[in-house]
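Here is the structure we will look at, set down as structure tokens.
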Amino acid sequence: MLNNSVWAALEGPHAGFAEAAGNAARYLPEIAPFCAVSDPADPAAWRDLATLTDHALLTGPSLTPRSGWEQESITYGVQMTGTAMTAVDDPEAVPLTEHDVPEMLELVARAQPGPFRKRTIDLGRYLGIRARDGRLISMAGERFRLPGWTEVSAVCTDPAFRGQGLGARLTAAVAAGILARGELPFLHVVSDNDSAIRLYERLGFQQSTEVVFASFRHHG
């Protein structure tokens, strides 16, 4: 299931955020850019995907486009799981709501954690830490949710406030909420981000499998 986490989410707990066609699905564009097919080796699933979009961002251990699709870009990553971790809430972490989205988008623009859109916050619980003047300077939250698992995502800190452990604290706080529901946390990190991998390992995450994030375009 974790090997095809977006499909498991869109066919399961996140079905209400999905557009689906046969063996393909995608998040509503205002929520997230991710798409999925039930079996990346099935040409029919890629044909179903073409009825939903001509530009698709997918993730998984291995992705080979089928007829009519061309790979545009690829990023190599690592999936990490928290099957044996413990975590605690953070007293300075504040819940973020739709009223905070403009600030969240501004923080994402400065910190560049990856895809985050106006309604990404609908996918789960988001927490933030604010500076003394009230500015949002760090955040983390939940993205892909599949049976028994929830992804920790959008972990980012304003460049001016890095090095203080804010991202680690929020990652642990988000993971604590996931564990409290009786689920397990997982996350994704770029393969060459050694410092982030070491940080997540200190929090109790373990490297599970290599993954790719790849963008494809359909040419008909």
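Given the choices (i) 114; (ii) 126; (iii) 148, volume of the Cα convex hull per residue in Å³ derived from the coordinates of this structure is entry (i). A crude spin-label estimate for the pair Met1 and Arg181, with each label 7 Å from Cα along the Cβ direction, gives 1.2 nm.
Here the Karplus curve 6.51 cos²θ - 1.76 cosθ + 1.60, taken at θ = phi - 60°, turns the phi angles of region 65-76 into couplings of x, 9, 3, x, 10, 10, 6, 9, 7, 8, 10, 8 Hz, with x standing for Gly and Pro. Note on Phe161 and Arg132: the extension gain reaches 9.2 nm, defined as 0.36 nm multiplied by sequence separation minus the Cα-Cα distance. Two numbers describe the Cα atoms of region 81-209: Rg and Dmax, which are 13.5, 41 Å.
Computed from the coordinates by the stated procedures, all read-outs in this text should not be read as laboratory data. Note that the coordinates shown come from a computational prediction; the quantities given were computed from them, not determined experimentally. Neighbour counts are summed over all protein chains in view; Cβ atoms, including those assigned to glycine, are modelled from backbone coordinates with ideal geometry.
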